[in-house]
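The next block holds one structure in the form of structure tokens; read it before the comments.
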Amino acid sequence: MGPSRIARILSVMAGLCVAVGLYLGLVAAPPDATQGEVQRIMYLHVPSILTAYVAFTATFIASVLYLWKRDPRADAVAVSSAEVGVVFTGITLATGSIWGKSTWGVWWTWDARLTLTAILFTIYVGYLMLRAFAEEPQAAARYGAVLAILGFFDIPLNHLAVQWWRTLHQPSSLIRPGGPSIDAALLVPLLVNLAGLLLLYGYYVVERTRLERMRQRALALRLTRGRRG
Amino acid sequence: MGSWGFIGLAYGVAAVALVGYLIGLRARLKESGAILTALEGDGGRKKP
């Protein structure tokens, strides 16, 4: 059972979009008036966290569907999207730390946005650990769904943190009341990179869901065989 | 470290994470595919 047609299309589109995004972000876009060249980290950092938000929102929706319908396909999507979301949140934390060192002079500070992003990362790493170590698969899916639903509420809190608490992290410049506050020369590369990472997320989730469905099928076969003796 | 050093580090870390995840995912898909094929093959055989 190889990759589906949609996975192949997503992989090609993601590859092309990421290549164009890298060119626009690293070559074509002008340096920032205040931060200079190092601001180019934004073209990776901001799309990564927005992709993670999309991933955890998908996990939230799939978890609600699982608790409602008890459909293993919804659970497969939930765990797959959470795992990919953790990868993108890890990238956000790493790139943010590198950007912070170059502009603030520190790798880490207990700023509200940074702390809530670290909490978001911890919640979903905890979710994956819960899934991995639970002995009974259906209980793992059920407890995981509850944790995913509760953990989702860190996302609006994280996004609004820079408005509620004016600490070191700059306020949102893309998703904010009144529209984006950045110049078109910087906005276009940012949106192309966002599209690239969202396509990449789509490809990873489709493939990761295929893996989870294979595992579910293998488990069902083992259980059937066990019952037969 | 200069600006481009920080940029290279950030993009390098992201590339390692994304490519590493993809390589790991493909390995897990291959392993699960082999397990599933073996289980389905066993299911078709009659017990002696």
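Computed from the coordinates by the stated procedures, all read-outs in this text should not be read as laboratory data. A quick note: this is a predicted structure, and the numbers were derived from the prediction, not measured. Neighbour counts are summed over all protein chains in view; Cβ atoms, including those assigned to glycine, are modelled from backbone coordinates with ideal geometry.
Here the 3J(HN,Hα) profile of the stretch A:72-78, calculated from phi with Karplus coefficients 6.51, -1.76 and 1.60 at θ = phi - 60°, is x, 5, 5, 5, 4, 5, 4 Hz, Gly and Pro shown as x.
Going by neighbour counts of Cβ atoms within 10 Å, the residues A:Y143, A:Y66, B:Y11 line up, fewest first, as A:Y143, B:Y11, A:Y66. Neighbouring Cβ atoms from other chains, within 10 Å of the Cβ of residues in A:209-221, number 4 on average. With a simple spin-label model that places each label point 7 Å from the Cα along the Cα-to-Cβ direction, the separation between B:A38 and B:I23 comes to 2.4 nm. Applying a DSSP loop filter and a limit of 11 other Cβ atoms within 10 Å to the GluC sites (Glu not before Pro) in the stretch A:134-213 leaves A:E135. Distant-in-sequence amide contacts of A:L168, defined by a placed amide H-H separation under 5 Å and a gap of 5 or more residues or a different chain, comprise A:A112.
A simple rule links phi to the HN-Hα coupling: the Karplus curve 6.51 cos²θ - 1.76 cosθ + 1.60 with θ = phi - 60°, which for the stretch A:16-23 gives 5, 5, 5, 4, 5, x, 5, 4 Hz, with x for Gly and Pro. Projecting label points 7 angstrom from Cα along Cα→Cβ for A:R70 and A:R166 puts them 5.4 nm apart. Stokes-Einstein D for the stretch A:43-126 at 20 °C, 1.002 mPa s, Kirkwood Rh over Cα pairs, in µm²/s? The estimated diffusion coefficient comes to 158 µm²/s.
Judged by the ratio a/c of the largest to the smallest principal axis of the C-alpha gyration tensor, the stretch A:71-229 counts as prolate, that ratio being 1.5 or greater while a/b is larger than b/c.
Distance from the alpha carbon centroid of the stretch A:46-64 to that of the stretch A:97-140 works out to 14 angstrom.
Among A:D154, A:D75, rank each residue by its count of other Cβ atoms within 10 Å, from fewest to most, as a rough exposure measure. It would help to have the intermediate numbers written out before the result.
Details: A:D154 19, A:D75 26.
Lowest count first: A:D154, A:D75.
With both labels modelled 7 Å from their Cα along Cα-to-Cβ, the A:A139 to A:R5 distance reads 4.3 nm.
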